[in-house]
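J.: Quick one: this structure, given as structure tokens, is what I'll be asking you about.
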Amino acid sequence: MKILVAVKRVIDYNVKVRVKPDQSDVDLANVKMALNPFCEIAVEEAVRLKEAGTADEVVVVSIGPKAVQEQLRTALALGADRAIQVETDDMPDSLSAAKILKGVVEKEGPDMVILGKQSIDSDNNQTGQMLGALTGMPQGTFASKVEVGDGFVNVTREIDGGLQTVKLNLPAIVTTDLRLNEPRYASLPNIMKAKRKPLETTSPDELGVEVKRTIKLLKVETPAERSAGVKVADVDELVDKLKNEAKVL
Amino acid sequence: MSILVVAEHDNNAVDPSTLKTLAAAQKIGGDIEVLVAGKGCSTVAENVAKADGVKKVMLADNEAYEHQLAENISELVADLGKNYSHILAPATTTGKNFMPRVAALLDVAQVSDIISVESDDTFKRPIYAGNAIATVQSEDNIKVITVRATAFDAVAAEGGSGDVESIDSVFNNDKSEFVGEQLAESERPDLTAAEIVISGGRGMQNGDNFHMLEDIADKLGAAVGASRAAVDAGFVPNDMQVGQTGKIVAPQLYVAVGISGAIQHLAGMKDSKVIVAINKDEEAPIFQVADYGLVADLFDVLPELKEKLKNTFEDSLPASI
Ligand SMILES: Cc1cc2nc3c(=O)[nH]c(=O)nc-3n(C[C@H](O)[C@H](O)[C@H](O)COP(=O)(O)OP(=O)(O)OC[C@H]3O[C@@H](n4cnc5c(N)ncnc54)[C@H](O)[C@@H]3O)c2cc1C
Ligand SMILES: Nc1ncnc2c1ncn2[C@@H]1O[C@H](COP(=O)(O)O)[C@@H](O)[C@H]1O
């Protein structure tokens, strides 16, 4: 079985972003970038399925400017077999990303597509589901467990009330939640090896997809900052303040 | 303008997030109609019809919708939704699951997790784990939107008099099926609706120690939450996770115990009215957002807090205790 994994380049999750003074967007100049944490989990899951003998090829795809090749190399170092960059000037929105991924799916014919549940920059949580609708594939979102059977996959999903399991016919879409696995670190030899793995570049045009953006970003603000309050000396003072000052008890 | 709100429910009762989504719909303005899709959920439909501002409720009662499978619900919502200017659902794990499919079926973008309505096409939403707030304008003819419930005050559950109409279109796909679920059972209030939330982090050391938080929560009628580290370590189940990628809470009082205050955790609780932090490390970032900080060992503090609260609430307890 062949697995396609979509990976996105985003700000490193440890970085606290700053808004530009003119409020046009956040400032990403000189900010450390990384593989979206959920995408890292997606790559790890695919590689584990390959190591278990369930999958025989793991292809990673990323959409965006040339810089995304860096994240594709990371994914290759984690164990993916080959990579595809779909070159666009800016990061596409989720609908365009889903349309482009549909083009890649048609070309590659994977049995499973694994995506992150959410990009930690836009916090959209949309692309996998959209790809599902566009391709007609069933989806197992927010997965904390993936068990592949003969022609189907059982996905255990993290939902508000607990866990839910769905059975999906292959080909299917899976989006990852944090507890699905703990991604490995890429070893130095694997990083070196990744440099020689195939990385092909294509474009939305070649895939026959028109990229558009119907949501305009008008303004980006810093949220109202909370200021640190007071330190209390002991439990008595805490209970007193909560009762008499904050009046929440 | 006409707005379709997709109700969140468990086939028995309507979820409070629906009333908050209705509030967002009222801010947009226009006729508000609600879809209740499920199985054996006619009581839900009748109840939603009484909510303030609801003109009509459409009831799609069929086995295909029992477990809110995204493949089925999205086809139904997209089919009905093409006649509306806006489609709204709460940004719960159910709404997040099917709404992007609806958007893609209608070939429009989705605006996720809005926290305010600026006009009928302009909304605010948090990005980068809430470290920035974006104002976005949608140029799509149908606006598909998920609503962050904590950001809106619920509409009145009673007082309205909408009609309930049954619809019998059935979308039942053959590629996905429900296998089972494991729902957490708790006598405590729901995390996202509770007035007081007490959360524990890695500092709790193990799942057993969470009983110390539960004891206090039960005294206060509070819900118990957790950081991702506590969930990852297996102390507590996933549905207790508060944060960017867990649940968003905004109670009157949030007590963080043994939680360092990573940005991903803050994203889920920093809109709480009053924040208390109990941590033995005085440099912990959680203190930067806490109204009241107590630098101490939680294993000393929690038993004492329980005791002191007992004194506080003694009046309301039976004499024998
Ligand atoms: C993509 C992504 C998404 C994430 N989403 C979330 C999310 O939704 N929610 C979330 O919470 N995290 C999330 N995280 C994880 C987050 O980055 C932190 O790792 C996590 O919040 C840390 O949890 P913690 O504060 O319990 O643990 P730690 O950071 O280890 O902090 C434990 C704290 O306990 C204190 N402590 C220890 N012992 C005691 C004691 N005896 N008495 C008092 N204090 C004590 C320590 O001083 C320390 O401050 C996410 C991470 C990523 C990468
Ligand atoms: N530009 C992109 N390139 C590759 N994958 C993407 C891109 N944008 C989104 N995705 C995938 O879709 C997931 C969810 O993204 P989003 O819908 O933006 O929150 C990500 O974790 C990726 O797996």
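J.: Which of A:VAL220, A:GLY109, A:THR175 sits farthest toward the positive end of the charge dipole of the range A:2-245, with +1 on the Cβ of Lys and Arg and -1 on the Cβ of Asp and Glu?
T.: A:GLY109
J.: How far apart, in nm, are two points set 7 Å out from the Cα along the Cα-to-Cβ line at B:GLN288 and at A:GLU182?
T.: Here the answer is 2.7 nm between the modelled labels.
J.: Next question. Compute the distance in nm between two label points, each set 7 Å from the Cα along the Cα-to-Cβ direction, one at B:ASP31 and one at B:VAL179.
T.: Placing both labels 7 Å beyond Cα along the Cβ direction yields 4.4 nm.
J.: Let me ask something else about it. What FRET efficiency comes out for the pair B:SER2/A:ALA67, r = Cβ-Cβ distance, R0 = 30 Å, nearest 0.05?
T.: With R0 = 30 Å, the Cβ-Cβ based efficiency is 0.10.
J.: May I pose another question? Can you list the residues, at least 5 places off or on another chain, whose amide H is less than 5 Å from the amide H of B:ILE114, using H built in the peptide plane?
T.: The list, which skips near neighbours in sequence, is B:THR146, B:VAL147, B:ARG148.
J.: Something else now. Over all directions, average the projected area of the Cα convex hull of chain A and note it in nm². Intermediate results must be reported in sequence, preceding the final value.
T.: Values: hull surface 71.7 nm².
Its average projected convex-hull area is 17.9 nm².
J.: How much net charge surrounds B:HIS265 when only the other residues with a Cβ under 14 Å from the Cβ of B:HIS265 are counted, with Lys and Arg +1 and Asp and Glu -1? Write out the running numbers ahead of the final one.
T.: Working: positive: A:LYS16, A:ARG226, B:ARG202, B:ARG228, B:LYS247, B:LYS270; negative: B:ASP232, B:ASP271.
With Lys, Arg at +1 and Asp, Glu at -1, the neighbours total +4.
J.: Please report, largest first and rounded to whole Å, the three semi-axes of the ellipsoid equivalent to the range B:2-166, where each semi-axis is the square root of five times an eigenvalue of the C-alpha gyration tensor. Don't skip to the answer; put the middle values down first.
T.: On the way: eigenvalues 106, 60, 42 Å².
For the range B:2-166, the ellipsoid semi-axes come out as 23, 17, 14 Å.
J.: In the range B:141-165, which residues have a backbone nitrogen under 20 Å from the label point lying 7 Å from A:LEU218's Cα in the Cα-to-Cβ direction?
T.: So the set is B:141-148, B:151-152.
J.: Shifting gears a bit: Specify which residue in the list A:ALA133, A:GLN69, A:ILE84 is farthest towards the positive end of the charge dipole of the range A:50-170, using unit charges on the beta carbon of Lys, Arg (+1) and Asp, Glu (-1), about the Cα centre.
T.: Working it through, the farthest residue towards the positive pole turns out to be A:ALA133.
J.: Using just the helices of chain B, give the 222 nm mean residue ellipticity in deg cm²/dmol: DSSP H runs with n ≥ 4 each add -39,500 (n - 2.57), and the total is spread over all residues, rounded to 500. Spell out each step's value before the answer.
T.: Values: 8 runs with 82 residues, N = 321.
Computed ellipticity for chain B at 222 nm equals -7500 deg cm²/dmol.
J.: Over the range B:196-315, what is the relative contact order in percent, taking alpha-carbon pairs closer than 8 angstrom and at least six residues apart?
T.: Numbers: 239 pairs, mean separation 28.5, N = 120.
Worked out over the range B:196-315, it gives 24 percent.
J.: Moving on to the next point. Between A:GLU147 and A:ASP205, what is the spin-label point distance in nm, taking each point 7 Å from the Cα along the Cα→C-beta axis?
T.: With each label placed 7 Å out from Cα toward Cβ, I get 4.9 nm.
J.: Could you compute how much accessible area chains B and A hide from each other, both sides summed, with a 1.4 Å probe? Nearest 100 Å² is fine. Walk me through the intermediate numbers first.
T.: Numbers: alone 16010 and 14180 Å², together 23260 Å².
For B against A, buried area totals roughly 6900 Å².
J.: How long is the protein assembly as shown along each principal axis, judged by its Cα atoms, biggest number first, in Å?
T.: Taking max minus min along each principal axis of the Cα atoms, the protein assembly as shown gives 75, 63, 52 Å.
J.: Give the average, rounded to an integer, of partner chain Cβ atoms located within 10 angstrom of each Cβ in B:224-231.
T.: Values: counts 0, 0, 0, 0, 2, 0, 0, 3.
For peptide B:224-231, the averaged partner shielding equals 1.
J.: While we're looking at this one, here's another question. I need the calculated FRET efficiency for the pair A:LYS197 and A:ASN30, taking r as the beta carbon distance and R₀ as 41 Å, to the nearest 0.05.
T.: Details: r = 29 Å, r/R0 = 0.70.
So, using R0 = 41 Å, E works out to roughly 0.90.
J.: If you don't mind, another one. Suppose a student asked you for the relative contact order of chain A, using Cα pairs under 8 Å spaced at least 6 residues apart; what percent would you report? It would help to have the intermediate numbers written out before the result.
T.: Working: 494 pairs, mean separation 56.6, N = 249.
That works out to 23 percent.
J.: Right, here's the next one. Please give the charge dipole size of the range A:2-245, origin at the Cα centre, charges +1 on K and R Cβ atoms and -1 on D and E Cβ atoms. Round to the nearest 20 debye. Please report the intermediate quantities before stating the final value.
T.: Details: 33 positive and 38 negative charges, 91 e Å.
The dipole of the range A:2-245 has a size of about 440 debye.
J.: In this model, which of B:LYS56/B:LYS82; A:LYS16/A:LYS99; A:LYS247/B:LYS270; B:LYS20/B:LYS308 are farther than 27 Å apart at the alpha-carbon?
T.: Working: B:LYS56/B:LYS82 17 Å; A:LYS16/A:LYS99 31 Å; A:LYS247/B:LYS270 19 Å; B:LYS20/B:LYS308 36 Å.
Going by Cα-Cα distance, A:LYS16/A:LYS99; B:LYS20/B:LYS308 fall outside the 27 Å limit.
J.: Follow-up. Give me the net charge of A:ILE3's neighbourhood, meaning all other residues with Cβ under 13 Å from the Cβ of A:ILE3; Lys, Arg count +1, Asp, Glu -1. If you can, show how the numbers build up before the last one.
T.: Numbers: positive: A:LYS2, A:ARG48, A:LYS50, A:ARG82; negative: A:GLU44, A:GLU45, A:GLU51, A:ASP56, A:GLU57, A:ASP81, A:GLU108, A:ASP111.
In short, -4.
J.: Here is the link list: A:LYS102/A:LYS212; A:LYS102/B:LYS39; B:LYS50/B:LYS247; B:LYS96/B:LYS219. Which ones come out longer than 25 Å on Cα distance?
T.: Details: A:LYS102/A:LYS212 15 Å; A:LYS102/B:LYS39 33 Å; B:LYS50/B:LYS247 28 Å; B:LYS96/B:LYS219 34 Å.
Result: A:LYS102/B:LYS39; B:LYS50/B:LYS247; B:LYS96/B:LYS219 exceed 25 Å.
J.: Let me ask something else. Mind computing the radius of gyration and Dmax over the alpha-carbon atoms of chain B? Å is fine for both.
T.: Here Rg and the maximum Cα pair distance are 21.2, 65 Å.
J.: Can you give me the Cα centroid spacing of the range B:44-118 and the range B:179-222 in angstrom?
T.: 30 Å
J.: Further question: Test of the criteria: in the range A:196-249, which trypsin sites (Lys or Arg not before Pro) are in a DSSP loop and have at most 12 other Cβ atoms within 10 angstrom of their Cβ? Don't jump to the answer; show the numbers that get you there.
T.: Values: sites: A:ARG196, A:LYS212, A:ARG213, A:LYS216, A:LYS219, A:ARG226, A:LYS231, A:LYS241, A:LYS243, A:LYS247; in loops: A:ARG196, A:LYS212, A:ARG213, A:ARG226, A:LYS247.
Hits after loop and neighbour filter: A:ARG196, A:LYS212, A:LYS247.
J.: Still on this structure, please answer the following. When the helix-only estimate is applied to chain A (DSSP H runs of n ≥ 4, each -39,500 (n - 2.57), divided by the residue count), what is the mean residue ellipticity at 222 nm, nearest 500 deg cm²/dmol?
T.: -7500 deg cm²/dmol
J.: From Cα pairs below 8 angstrom and at least 6 apart in sequence, can you work out the relative contact order of chain B, rounded to a whole percent? Don't skip to the answer; put the middle values down first.
T.: Values: 701 pairs, mean separation 45.9, N = 321.
Computed value for chain B: 14 percent relative contact order.
J.: Quick check for me: using +1 on Lys/Arg Cβ and -1 on Asp/Glu Cβ, what's the dipole size of the range B:1-131 about its Cα centre, in debye to the nearest 20? Walk me through the intermediate numbers first.
T.: Numbers: 11 positive and 18 negative charges, 67 e Å.
I would put it at about 320 debye.
J.: Mind checking the mean number of beta-carbon atoms from other chains within 10 Å of the Cβ atoms in B:119-132?
T.: Numbers: counts 0, 0, 2, 3, 2, 3, 3, 2, 11, 16, 7, 2, 9, 13.
Averaged over the peptide's residues, the number is 5.
J.: Multiplying the sequence separation of B:ASP153 and B:ASP190 by 0.36 nm and subtracting their Cα-Cα distance, what value in nm do you get?
T.: Values: separation 37, 0.36 × 37 = 13.32 nm, distance 1.65 nm.
Taking 0.36 nm per residue and subtracting the Cα distance, the gain is 11.7 nm.
J.: Next question. Once the dipole of the range B:204-316 is set up with Lys and Arg at +1 and Asp and Glu at -1 on Cβ about the Cα centre, which of B:ALA229, B:ALA250, B:LEU309 lies farthest towards its positive end?
T.: B:ALA250
J.: Once each part is reduced to its C-alpha centroid, what is the distance from the range A:201-241 to the range B:1-35 in angstrom?
T.: If you average the Cα positions of each part, the centres end up 25 Å apart.
J.: Roughly how crowded by other chains is peptide B:273-279, in terms of the mean Cβ count from those chains within 10 Å of each of its Cβ atoms? Walk me through the numbers before you get to the answer.
T.: Working: counts 2, 8, 4, 7, 3, 3, 0.
Average per residue, whole number: 4.
J.: List the GluC sites (Glu not before Pro) in the range B:119-218 that DSSP assigns to loop (not H, G, I, E or B) and whose Cβ has at most 14 other Cβ atoms within 10 Å. Which are they? Provide the component values of the computation, followed by the final result.
T.: Values: sites: B:GLU139, B:GLU158, B:GLU165, B:GLU177, B:GLU181, B:GLU185, B:GLU187, B:GLU195, B:GLU214; in loops: B:GLU139, B:GLU158, B:GLU185, B:GLU187, B:GLU195.
The qualifying sites are B:GLU139, B:GLU158, B:GLU185, B:GLU187, B:GLU195.
The values are calculated or read from the model by the stated rules, or taken from the named source; none is laboratory data. Please read these numbers as outputs of a predicted model, since none were measured by experiment. Note that we place each Cβ from the backbone using ideal geometry, even for glycine, and neighbour counts take in every protein chain shown. Just so you know, the surface numbers come from the protein's heavy atoms only, side chains and all, with ligands and any DNA or RNA stripped out. Shrake-Rupley method; radii C 1.70, N 1.55, O 1.52, S 1.80 Å.
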